[in-house]
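Contents: one structure, followed by commentary.
Derivation of every value follows stated rules applied to the coordinates shown; laboratory data play no part. Fair warning: this is a prediction, and the values are worked out from it, not measured in the lab. Don't worry about glycine lacking a Cβ; one is built from the backbone with ideal geometry, like all the others, and counts go over all protein chains shown.
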Amino acid sequence: MPQLAASAVAIVLLVSLATVVGLRRWGGYGTPVAPTAQAEASDVGDRFLQRRQVIDYWNQRVELNKARWSPEMRATFDRNMKVIDQAVSDSLNELNRNPHDEISEQMLNESLNDKLALLKEFSDL
């Protein structure tokens, strides 16, 4: 169990680090444009919706396998997912308040990547 939890945390950290390095190396999010505030808000919502659909797919796969897990494994998964969900929520709230905040956008992307990585990792168990 501790090795499984440690490997899941290591994967989450590795994905976060790779995302940050990749964004900095390839120039972030491209050339900035000046869309309207309404377009920015819908853009954030659209990006989140598309990612949410992928996350929902992997979440369904996890739920199918969850019954076979030990109580300790379920607790580890739920604890990690709670932390990631809080990070997603915080980043999304901040980004909705200030759509121009690149840090909040990076944090949201990293949190969503972390969630996806955790779901993929636990979907095979």
Margin query: Within 10 Å of each candidate Cβ there may be at most 15 other Cβ atoms; applying that plus a DSSP loop requirement, which trypsin sites (Lys or Arg not before Pro) in segment 51-125 survive?
Written below: ARG68
Notebook entry, point to check: At a Förster distance of 22 Å, what's the computed FRET efficiency of ILE55 paired with HIS100, Cβ-Cβ distance as r, to 0.05?
Noted result: 0.30
